[in-house]
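Below you'll find the structure, written out as structure tokens, and then a few comments.
Only the coordinates and a few stated rules stand behind these numbers; no lab work does. The structure presented is a predicted model; accordingly, all values stated were derived computationally and were not measured. Counting neighbours? That spans all protein chains shown, and the Cβs are built from the backbone with ideal geometry, glycine included.
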Amino acid sequence: MNHVSNRSSNSPTVDERHLMFDDLEKLGRILVETGDIAHSFVQGADDMDVTCRDFSAFDPSRPLQGQGRGTLDALRAAKEEILPLLAASIGPRYLGFVTGGTTPAALAGDWLASAIDQNATGPEGSVNAAVEEQVINWLCDLGGVPSDRFDGVLTTGATVSNLLGLVAARQWCGEQVGVNVDADGAGVLPDLEVFAASPHASMIKDLSITGIGRNNFTKVATKPGSEETDIADLKAKISASDARAKIVIASAGTVNATDFDDLEAIADLCAAYGAWLHVDAAFGFFAALDDRRADFTKGIARADSITSDGHKWLNVPYDCGIFLTRHISVLETCCRAFAPYLDTKADGNSYINRGVENSRRFRALPLWMTMVAYGRDGGASVIRANCDQAADLAAWVRTHEKLELLSEPKLNVTMFAARGSDEDNRALLARINATGKVFMTPTVYGGRFGFRAAFSNWRTCDDDLVIIKQAIESAL
Ligand SMILES: *Cc1c(COP(=O)(O)O)cnc(C)c1O
């Protein structure tokens with residue numbers, strides 16, 4: 001290859017792009033080697049320690065070299081220096097947070113998305129926006145909301161989807177009383193009241209980002225021993241409010257007890273008192289796919305906006321969030337990015353005008369791939385299997401003399417603790433995770449320290465439950 005000829009040794013600006021042109025010639029081999037490395041990592045995730053406990057061998061302060069090494073050499077370095085120090089979060093026994101793995105089809109779609117590297121802004125000269133539109137229709141279908149009434153956008157995650165919910169809600173509230181928050185700022189809406197019973201930590205963060213304020217929401221009571229909104233308390237608070245602008249944040253699947261709000265009742269109150277209803281359904285949205293739990297999200301189609309995630313229970317690689325709304329034009333008012341150089345005339349949705357980012361990854365492709373490859377039934381099977389696993393672990397905990405359940409699992413999360421002090425339980429969780437066989441994250445529920453086992457990976461099987469129970473037993 002002779003694309004680059006000014007390589008004289010005394011030139012201060014040697015053109016090192018020859019490394020890239022050389023790599024382009026070798027791209028086939030590079031992709032095969034990458035595939036091999038990825039393949040053994042993904043397969044090996046069953047057997048490796050679920051988390052890495054010592055990555056001190058990696059030195060973040062090592063300076064960048066002037067001279068590059070080419071991709072094959074960099075790949076070898078990644079294989080030696082980085083891959084052995086990773087968590088097997090893609091594997092079947094990573095039960096921390098709500099962490100989805102990656103289906104083979106979603107992985108293939110994600111790689112392809114990188115290879116073709118579309119900037120998924122809108123319909124100009126590429127089908128990518130139409131694919132996103134199709135995927136959003138399919139997502140509506142999975143969650144049981146009508147795609148002719150809901151439209152949306154793919155985001156980086158539920159945190160940003162919740163942010164879009166607040167932004168659109170505030171704009172809509174302004175429109176109800178004849179002010180324009182988008183144009184004139186939040187100051188034109190001084191009497192906004194946000195009601196929430198069990199807002200996710202990301203929602204609290206979003207209250208800060210939007211300038212509403214972390215502490216500036218009305219805490220609604222939960223039902224006793226639950227994270228579910230107490231409807232009577234919401235009714236009392238919303239009816240007593242003299243705010244002209246009201247937003248209700250409801251939950252479909254809370255992170256601890258996986259509780260679902262009575263969305264029909266909340267939608268009735270929102271209709272009666274002129275409030276926007278936002279439903280955070282980051283993973284609970286897909287409960288609708290399990291016929292035994294199909295009524296958990298009953299009423300969700302009456303929401304004004306809905307948050308969900310692709311990178312949790314749909315098992316699509318990071319990052320992939322979902323935002324749906326019945327008021328897409330309100331969202332577009334707030335998120336439109338106008339400049340003469342962005343003004344195109346192509347037909348179709350401009351996703352650049354529906355979210356935070358101007359430049360966007362082609363996130364629709366991995367979703368499209370996994371939905372085409374496994375269909376609605378494949379998605380439903382993952383949901384059912386994970387719910388059964390949470391129930392199985394709970395049944396074991398219930399009969400174990402040293403353990404107790406912190407709440408009955410309704411979905412895919414089992415919360416439990418050992419009899420004894422919070423201190424003892426903290427140490428026990430560290431010992432369980434140190435076995436390398438399973439990873440769980442802590443929580444505090446009903447004033448007690450406990451462990452959360454969140455089943456959200458398509459690969460988790462009965463054998464894994466046996467290993468998980470053994471690991472807990474050995475640490476006890
Ligand atoms: C995980 C989660 C979020 C935040 O989602 P990210 O994708 O991590 O941004 C919000 N709400 C709920 C209920 C969640 O479970």
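Figures for the structure shown
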read-out: The chain - convex hull of the alpha-carbon atoms, volume per residue in Å³; value: 183
read-out: Extension gain, Asp22 back to Lys298 (0.36 nm per residue minus Cα-Cα distance, nm); value: 93.7 nm
read-out: Kirkwood hydrodynamic radius (C-alpha pairs) into Stokes-Einstein, the stretch 224-375, 4 °C and 1.567 mPa s, D in µm²/s; value: 74
read-out: Alpha carbon convex hull of the stretch 158-198, projected area averaged over orientations, nm²; value: 3.3
read-out: Globularity ratio of the stretch 327-476, using Cα Rg and 2.2 N^0.38 Å; value: 1.51
read-out: Sequence ranges 86-98, 389-401, ranked by mean other-Cβ count within 10 angstrom, highest first; value: 86-98, 389-401
read-out: The stretch 30-115: C-alpha gyration tensor shape, a/c 1.5 cut-off, then a/b vs b/c; value: oblate
read-out: Highest-first arrangement of 269-276, 332-339, 246-253, where packing means the average Cβ count within 10 Å; value: 246-253, 269-276, 332-339
read-out: Spread of Cα-to-Cα distances over 5 Å intervals beginning at zero, given as percent, for the stretch 1-159; value: 1, 6, 10, 13, 13, 14, 14, 11, 8, 5, 2, 1, 0, 0
read-out: Packing rank of 233-245, 160-172, where each peptide gets the mean count of other beta carbons within 10 Å, highest leading; value: 160-172, 233-245
read-out: Kirkwood hydrodynamic radius of the stretch 215-307, from inverse mean 1/r over distinct Cα pairs, in Å; value: 13.4
